[in-house]
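What follows is calculated from the coordinates using simple rules that are stated; it is not laboratory data. Values in this document were obtained by computation on a predicted structure and should not be read as measured data. As a convention, Cβ positions derive from the backbone with ideal geometry for all residues, glycine included, and neighbour counts pool all protein chains shown.
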Amino acid sequence: MDFNDTPEEAEYRARVRAWLNANAPAARGVAHGHEDSESIAADKAWQARKAEAGYACITWPREWGGAGGTTAQSVIFNEEESRLGLGSAVFGIGLGMCLPTILAVGSEADKARFVAPAMRGEQVWCQLFSEPSAGSDVAASRTRAVPADDGSGDWIINGQKVWTSGAHFSDFGLLLVRTDPDVPKHKGLTMFWIDMKAPGIEVRQIHQADGGSGFNEVWFTDVRVADSQRIGEIGKGWNVALVTLMNERLSVGGEAGPGWRALMELAASLPGVEGHGSALQDGGFREKLADWYVASEGLRLTRLRSLTALSRGETPGSEASIGKIISARHSQELAYEALDRLDQYGIVANGDVASLAGGFQRNFFWGAAMRIAGGTDEILKNIIAERVLGLPLDIRVDRDVAFRDIPRGA
Amino acid sequence: MNFDYSHEQKFLKDEARKFLEERCPVTAVRGVLDDGGKPFDRGLWQAVAGMGWTGAVIPEKWGGTGLGHIELCAIAEELGRALAPIPFASTVYVFAEAILAFGSDAQREALLPGIASGAVIGCLATSEREGALSIEGMAANVVGGRLSGAKVPVTDGDVATHAIVAACDEAGPGLFIVDLAGEGIAREAIATLDPTRSVARITFAGSPCERLGAAGEGAALLSAILDRAAVLFAFEQVGGAGRCLEYAKAYAMERYAFGRVIGSYQAIKHKLADIYVRNELARSSAYYGAWALNSGAAELPEAAAAARIAGTQAYDFAARENLQTHGGMGFTWEADCHLHLRRARQLGLALGGLPLWRERLIRTLESRNAL
């Protein structure tokens, strides 16, 4: 058990720091849903520079343009980069979920075509899984792909996806569709990659509860895709989706926005109840802060345990699901506490997300979103209970029924 | 960066589990629980000493095994899992650690070989009254090398051969080593919520004692001793919490209600997932504490406090939700649920409760200029 860098790791860290000092742009801190063409261009330029220096996708194999580095190196680079506030969500879904899926199950032609440009930040990817009637039950996807009747072997796609992060600025997408409604739901799905500029695709930004628009609806009307765009076998789309979702659980789960340290800072700057000292001196506040520190540190350290398993060539288990259960709820609880400590002023909107009050107000909303996005708290608890603890699967009335016969709401 | 037990440490842990499954089944724990005249399992204590566990981190020149603290943590996890009814925590996590880290050469020479052999049983006597401990407000005092005062409750105080006692002398608060066979000492066992561990009231009337560490440094010394012990306690807590989850899962898989095993209902599945999450977070914090303790890292105070808080919360939660999962059966004497319910509270209070450790943590963060 050792938290210190090995001599090789320390040398790598020093090299990374020196390189970042010489090359890193100033942090911009653009929040999810607030990206614009200028911020996206800046993110792409930074990604390209990292790729050139061997700091993009550090663990990916060299044959596909990765740096062929170790998990520890990747962790070190991410730590140093995020210290500078340079993490970007624009590439998270592509490099964290879509491209790992293509690397795992895509054809050689797909890998040759997509991996390097994505890594260099030239192409942005989105993930088209959720639908209005397929949220937690994502295998209930209704978007249909049927063979074109012209003998070309192409597929014609109709339907709607929803909650697609970044679809409005993405070049490609990973698309889960139903190719056979006559078999049980998990068996009739197929995965494709899709060009987001293809005719028949319409992206509409969702007007979210917090007023932002980082997510989209994506509508497909007679969109034609070639059979060569298929990823994996026909009817095996669910297996491919599981690869993506596994990667999602590994890449989601870090805490977003202000954490215990920011809350401590805020409390120190605010008066205590009835003017006694600062809010930080309030016993009730201190007790809660201690618990949040402990949970936050526990989460960070649990991620390091998963990475240790990865670096030993072991597969981290579903304990990765812990991350989001804790961090999403945390964001929400810390935000409520911060607003309580701001007292009456907590309700006054502060649009500056870089300020303490503004950051917590953003998480007042965003915490609610994070408890749903990428697997709800409830679904994640089911995953832990079933896959980690081995408890029985929920009773599913749709398991052995042809998809077209499954009862559905309006 | 390497954040797990090594293969050798895992092997040691597996061996410890096998040993305890044989020598410390739950019947051994109940042997102490049900026999008011039996403060601890002497046979198990000697066997554990024979395995080299009491001297795990004591250097070989003093009769110890010369292992590191990570190895001791692995043993602690298994002892916690097995609910071992022996004065191991008081002797090894507190007393031996204190002597090793802060004792003089003469004190080490005198005491460590006995700890390694199992002849010396140690305890820490700080509390004098209800409520959070304040070392500045101690009534116990030392005049001319003689200790007077009363300490209660003292975990393992009735069976210990030696104690470290917090008391004030002319230099202020201090810690003093007392041979409990000395003059002026009266002890009586007292009933507690966890009869599988023994506890005493000890009164000292002019008892000979010897200072531990420098004069007037008692507060800092006690704080450092508590930090070291908190990490090791956390591993017992993690071990116990893990056992509670095993019990809860086993029962949920065999108990039928409404025509299905109760483990198939989300109410139970999500409860067990909640236990799992807390246990894993507590394990991670304990690992970090182990690293800080083993490497002498400056982060030990916050690492120890976090390990302590997470360990206490996880074990208490796992113990009571395990009982809840068992339904009415869980509230019977014959079900083992209450053994963990009791031990979880015992471990959670013996080094000071959650309010104390939360305050220690926040003060440490403030002193780090975290702002």
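Here are a few things to note about the model shown:
- Derived value for the protein assembly as shown: Kirkwood hydrodynamic radius 29.0 Å. Basis is the mean of 1/r over every pair of different alpha-carbon atoms.
- Plainly put, the stretch A:7-90 has a radius of gyration that is 0.98 times its Kirkwood radius, both from alpha-carbon atoms, as the Rg/Rh ratio.
- Distance between the modelled labels on A:ASP405 and A:GLU202, one decimal in nanometres: 3.6 nm (7 Å Cα→Cβ projection).
- Charging the Cβ of each Asp and Glu at -1 and of each Lys and Arg at +1, and nothing else, the dipole of chain B about its Cα centre rounds to 940 debye.
- Applying the Karplus relation 6.51 cos²θ - 1.76 cosθ + 1.60 with θ = phi - 60° to the stretch B:152-167 yields 3J(HN,Hα) values of 7, x, 10, 4, 6, x, 7, 10, 6, 9, 9, 9, 9, 10, 8, 7 Hz, where x marks Gly and Pro.
- Distance between modelled label sites at A:HIS34 and B:ALA101, nm, 7 Å Cα→Cβ extension: 4.5
- Rounded FRET efficiency, nearest 0.05, which uses the C-beta distance separating A:SER269 from A:LYS187 and R0 of 60 Å: 0.55
- Rg over Rh, two decimals, the stretch A:92-240 (C-alpha only, Kirkwood Rh): 0.95
- By the count of other C-beta atoms within 10 Å, a proxy for reagent exposure, B:THR161, B:THR196 are ordered fewest to most as B:THR161, B:THR196.
- Centroid-to-centroid separation of the stretch A:66-108 and the stretch A:271-311 [C-alpha atoms, Å]: 28
- For A:ALA402, no residue whose modelled amide H falls within less than 5 Å of its own remains once neighbours fewer than 5 places apart on the same chain are excluded.
- Between the helical axis of B:354-367 and the longest alpha-carbon principal axis of chain B there is an angle of about 70 degrees.
- Sites B:VAL26 and B:SER134, calculated FRET efficiency, Cβ-Cβ separation with R0 56 Å, nearest 0.05: 0.90
- Inter-probe distance in nm under a simple model that places probes 7 Å from Cα toward Cβ, at B:MET253 and A:ASP394: 2.2
- Between the amide H of B:LEU180 and those of B:HIS162, B:ALA163, distances stay under 5 Å, these residues lying 5 or more places away or on another chain, with hydrogens modeled in the peptide plane.
- Whole-Hz Karplus values for the stretch A:371-386 come out as 6, 10, 4, x, x, 5, 3, 5, 5, 5, 5, 4, 4, 4, 4, 7 Hz, taken residue by residue from phi with 6.51 cos²θ - 1.76 cosθ + 1.60 and θ = phi - 60°; glycine and proline positions read x.
- Total formal charge among the other residues, if their Cβ is under 12 angstrom from that of A:THR221, Lys/Arg +1 and Asp/Glu -1: 0
- Electrostatic dipole magnitude of the stretch A:1-72 [Cβ: Lys, Arg +1; Asp, Glu -1; Cα centre; debye, to 20]: 180
- Inter-centroid distance (Cα atoms) of the stretch B:225-289 relative to the stretch B:60-137, Å: 27
- Separation of the alpha carbons by more than 20 angstrom is noted, of A:LYS324/A:LYS381; A:LYS187/B:LYS249; A:LYS381/B:LYS249; A:LYS288/B:LYS151; A:LYS161/A:LYS197; A:LYS197/A:LYS236, for A:LYS187/B:LYS249; A:LYS288/B:LYS151; A:LYS197/A:LYS236.
- Rh by Kirkwood over Cα pairs, then Stokes-Einstein D for the stretch A:253-372 at 0.890 mPa s and 25 °C, µm²/s: 161
- Computed over the stretch A:211-315, the ratio Rg/Rh where both radii use C-alpha atoms and Rh is Kirkwood: 1.22
- Three-way shape label, chain B, alpha-carbon gyration tensor, a/c 1.5: prolate
- A Cβ-based charge dipole, computed about the Cα centre of the stretch B:7-120 with Lys and Arg at +1 and Asp and Glu at -1, lands at about 160 debye.
- Prolate/oblate/rounded call for the stretch B:161-299, Cα gyration tensor, a/c under 1.5 rounded: oblate
- Neighbour-count ranking [beta-carbon atoms within 10 angstrom, fewest first] of A:GLU386, B:GLU246: B:GLU246, A:GLU386
- Cα centroid of the stretch A:323-338 to Cα centroid of the stretch A:126-192, whole Å: 33
- Sorted largest first, the spans of the alpha carbon positions of the stretch B:53-210 along the three principal axes are 39, 38, 26 Å.
- Tensor-based shape of the stretch B:1-120 (alpha-carbon gyration tensor, a/c under 1.5 rounded, otherwise prolate or oblate): oblate
- Segments A:163-171, B:27-35 sorted - mean Cβ within 10 Å per residue, highest first: A:163-171, B:27-35
- Between B:GLU366 and B:GLU246, residue separation times 0.36 nm minus the direct Cα-Cα distance comes to 39.3 nm.
- The three principal axes of the Cα atoms in chain A give end-to-end lengths of 78, 51, 45 Å, sorted in falling order.
- Degrees between helix B:300-325 axis and first principal axis of chain B (Cα, 0 to 90, nearest 10): 40
- Lys/Arg +1, Asp/Glu -1 at C-beta; the stretch B:181-329 dipole; positive extreme among B:GLY213, B:ALA298, B:ILE268: B:ILE268
- Likely footprinting exposure, A:VAL105, A:VAL240, fewest C-beta neighbours within 10 Å first: A:VAL105, A:VAL240
- Summing +1 for each Lys or Arg and -1 for each Asp or Glu among the other residues whose beta-carbon sits under 11 angstrom from that of B:GLY263 gives +3.
- With Cα atoms, 0 to 90° folded angle of helix A:321-342 axis to chain A main axis: 40
- Within the protein assembly as shown, helix-based [θ] at 222 nm, where runs of 4 or more DSSP H residues each add -39,500 (n - 2.57), nearest 500: -15000 deg cm²/dmol
- Kirkwood-type hydrodynamic radius, the stretch A:112-191: 14.0 Å, calculated from all non-identical alpha-carbon pairs.
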